[in-house]
Amino acid sequence: MKKFFQEIKADIKFKSAGPGQKLTESVGERAPKEKPNQPALRQPRQGPTDEAQMAAAAALARLEQKQPRSRGPTSQESIRNQVRKELRAEATVSGSTEAPGTNTVPEAKEEGSAHLAVPSVCFTCPLTGATLRKDQRDAHIKEAILSHFSTDPVAASIMKIHTFNRDRDRVKLGVDTIAKYLDNICLHPEEEKYRKIKLQNRVFQERINCLEGTHEFFEAIGFQKALLPVPDQEGPDEFYVLSEAALAQPQSLQRHKEQLLVAEPVRATLARQRRVFRPSPMASQFDLPGDFFNLTAEEIKREQRLRSEAVERLSVLRTKAMREREEQREMRKYTYTLLRVRLPDGCLLQGTFYARERVAALYAFVREALQSDWLPFDLLASGGQRLSEDESLAFNECGLVPSALLTFSWDAAVLEDIRAAGAEPDPSILKPELLAAIEKLS
């Protein structure tokens, strides 16, 4: 027992003796080094110059183009968890009361901001030429069609049939039925039964009466309503009866039938909103309005369904082709894209396009702004990728959504011919009226 307590005391004494020292160390080395009470003050570094910042930004952009995209989580469970989180977040956004039926990306600037690259997505009415916002186009077109009845009721009724009725299959069935009525009249002008159409007829009710504009069409081409007796029926029924004056002009009936068959819905066309800017280091910066990002309720539901289906698809190994197809599918969710073309003099030509439009639409847009619109030229995307005018690819398939900056370049043969003549190409290539309206990009 005595030995046990002696060992404990020796152990305590050893531990309280402090840190050990090497026998080879000198006395000076054994002395503990004193830590400075306060760190030495460092001289503040001078910030980089503007030229250094621009050079760094350019180098960073080149590195980002060369570096492959980082791969997402490979674990099946982590992939499922990530997609579930995104679905819950989207469901929360779609159920919010901010704006029923729409989902706006938070980064999108509000309309009316002075720094927006374009105020909003606008459209042009083909009947009046008016420039309209997205929420104005349908009401304006309907009003324009209705006002057209006073000048050309046949054309107005045809436009109403094809435009006011959204179900294209139902419209086609109704139009084909009307064409059959008119064919029978032209083929058998002496047959009185073909000149009368019973309004309570089942075929008429199911195919024609349900469409807006059909009654106006019948009345415009010469049919009149009349109550006529019906065999084996007590009271009369209402009929459309072709007038004698219209029956005497079968060519007019044929012409109206052809117009009805080949007509298309009247839709507002996307306004390019062409703008020209002075050279600017902010050429690749795009502040887009909410119209470029808004999704309808149907589009939100579709995106959620596609993401739900992607849970299982993402948990299996995918080939490069499969990944590329999925990336293209992601790009298709954009409806519009804002494109800028940097010209040889540094000026910027800007326009709005549908994301599904072909590259040829951009070539036509640029050519309309050139003084020498017959000379061939090339358009280069980021990284020097040449976009061919004959390509059938859409902007979203080229990755040019929701915005992109491209570079104008004269065709190599054109440059060779100009330089062979001892001259250099004129950097100012836009039409004078466009240069007169040039703006500053802010």
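The values are calculated or read from the model by the stated rules, or taken from the named source; none is laboratory data. None of these values were measured; they are calculated from a predicted model. Cβ atoms come from the backbone with ideal geometry, glycine included; neighbour counts cover every protein chain shown. Keep in mind that these areas ignore ligands, DNA and RNA; they rest on the heavy atoms of the full protein, side chains included. Shrake-Rupley method; radii C 1.70, N 1.55, O 1.52, S 1.80 Å.
Strictly over 31 Å apart at the Cα level, which of K160/K193; K160/K180; K160/K196; K134/K180; K134/K257 would you flag in this model?
K134/K180; K134/K257
Determine, for each peptide in 427-437, 396-406, the mean count of other beta carbons within 10 angstrom over its residues, then list the peptides with the highest first.
396-406, 427-437
Using packing as a proxy for protection, rank 334-341, 371-378, 359-366 so that the peptide with the highest average count of other Cβ atoms within 10 Å comes first.
Sorting 334-341, 371-378, 359-366 by mean packing, highest first, produces 334-341, 359-366, 371-378.
In whole Å and largest first, what semi-axes does the C-alpha gyration tensor of region 331-440 yield when each eigenvalue is scaled by 5 and square-rooted?
Those come to 25, 17, 11 Å.
Starting with the highest mean, order 411-421, 346-356, 160-170 by the number of other Cβ atoms within 10 Å, averaged over the residues of each peptide.
346-356, 160-170, 411-421
Quick one: order M282, M159 from most to least accessible surface, probe 1.4 Å.
M282, M159
Multiplying the sequence separation of E433 and A179 by 0.36 nm and subtracting their Cα-Cα distance, what value in nm do you get?
Fully extending the segment from E433 to A179 adds 86.5 nm.
For A360 and T131, what is the calculated FRET efficiency with R₀ set at 30 Å and r taken between the beta-carbons, to the nearest 0.05?
After rounding, the FRET efficiency stands at 0.80.
How big is the shadow of the Cα convex hull of region 396-442, averaged over all directions, in nm²?
5.7 nm²
Tell me, in nm to one decimal, what length is gained between M282 and S150 on full extension, where the rule is 0.36 nm per residue of separation less the Cα-Cα distance?
Stretched fully, the M282-S150 segment lengthens by 42.4 nm.
Once R0 is set to 41 Å, what does the formula 1/(1 + (r/R0)^6) return for the Cβ-Cβ distance between N209 and K333, expressed as a FRET efficiency to the nearest 0.05?
0.55
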